[in-house]
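Report on the structure given below.
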Amino acid sequence: MIRLSTTQMYNSSMNGMLDSYKRLNTVNNQMNSGKRVLTPADDPVAAAQTLNTKTRMAVVQQYNRNVDFADKNLSLTESVFNQTESSLIKLKELAIKLGSDQWSDEQVSSSGIEVKEILKHLQGMLNTRNESGEYIFAGSQAEKKAYNGNNFVGDAIEREAQVADDTFIKMLTSGARAFESLNTADLTTHDPAQAIFTTGPENLAATPKEYTNNMLGVIQYFVDATGNGNPPAPVNKEAIRSAISNIDVAFEQVAQTRSQIGARQNTLEAVKDNNLDFEAFAKKSISELEDLDWADAYMRLEQSKLSYQAGMQITGQISGLSLFNYI
């Protein structure tokens, strides 16, 4: 027969009561947090799976932040392109009107002021900045202006954002792509009937004025042809009429670049939908691994309470045992 001392009985009862208290405390903490897994020890496999899923979800959430930032930049760029196209359409209308023989030079010069104002407007638009203060058309030189007057001073590098594991999107469009290197007619022709001349010193012949081969140069050519250049030159209707086809070239390049923006936005939308689908799946997976089964928790709570209360009673009874009680 195995004989147990009062001390052994007490220690055994006390350990049982402490285990019951631990279980009671655990289920209380679970119910307070709504989580079944509070520490890796609660369920090592579930804890490891949850950590992996949360790590992956953090990466995807960063991708989505990149998507949002890229989309804002592309939307801003598209807005500039929209205004630019509207301005070019207006300029073409003016060129067709002012190039008509029905208009006198004085009328052309007066109406040409509007052409000059449109040029100023576009010079400002091409130096548009995003919410981070970056010049969106300056390429990698985004902290500096893209254009100094009519001259492009940025570069052709277009910054990308990673929006998925293997997907990068150009979120900034360089002015080199949208407005530069136009396939226009020669803006510095030496044909006296078509050239726009700068006024030279009295002892020198006037020389053709050179223009930047970009959208702003095309418009400047038009401005000067209306007699509103600096310095002013005579109205040149042949130059005004030749500006029409050059405006078309500038418009086509802007439109092509705008279509590329649209394609990028479509890609962003598809990528974000996939990322959001993964986030929803990941949250559900984490919930299944971590979240508390409330019915099971209530059952364990009641069992733990009963076990703890019974342990207290038994321990109290054992602690009151003494030989003197039997003398």
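The values are calculated or read from the model by the stated rules, or taken from the named source; none is laboratory data. Computed from a prediction, not measured in an experiment: that's the story for all the values here. Glycine gets a Cβ as well: all are built from the backbone with ideal geometry, and neighbour counts include every protein chain shown.
Computed values, structure above
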| quantity | calculated |
| --- | --- |
| Flag for residue 247 being at pLDDT 70 or above and on the phi < 0 side of the Ramachandran plot | yes |
| Per-region count, the range 45-55, residues touching a helix residue (DSSP H, G or I) at 6+ places or on another chain (Cβ under 7 Å) and either of a type in the set (Ser, Thr, Tyr) or surrounded by fewer than 16 Cβ atoms within 10 Å (Cβ to Cβ) (or both) | 3 |
| Given (1) surrounded by 13 or more Cβ atoms within 10 Å (Cβ to Cβ); (2) over 18 Å from the mean Cα position of the chain (by Cα), number of the condition residue 258 does not satisfy | (2) |
| Number of the exception - residue 174 against (1) at pLDDT below 95; (2) out of contact with any helix residue (DSSP H, G or I) (no Cβ under 9 Å at 6 or more places or on another chain) | (1) |
| Residue match in the range 44-63 (condition: under 30 Å from residue 125 (Cα atoms) and at pLDDT 60 or above) | yes |
| Test: residue in the range 156-164 that is of a type in the set (Lys, Arg), modelled with pLDDT under 95 and part of a loop (DSSP other than H, G, I, E, B) | yes |
| Filter pass, residue 69 being among the aromatic types (Phe, Trp, Tyr) and buried (at least 17 other Cβ atoms within 10 Å of the Cβ) | no |
| Residues satisfying the stated conditions in the range 73-90, i.e. over 21 Å from residue 223 (Cβ atoms), surrounded by fewer than 20 Cβ atoms within 10 Å (Cβ to Cβ) and either polar (S, T, N, Q) or at pLDDT below 95 (or both) | 75, 79, 82 |
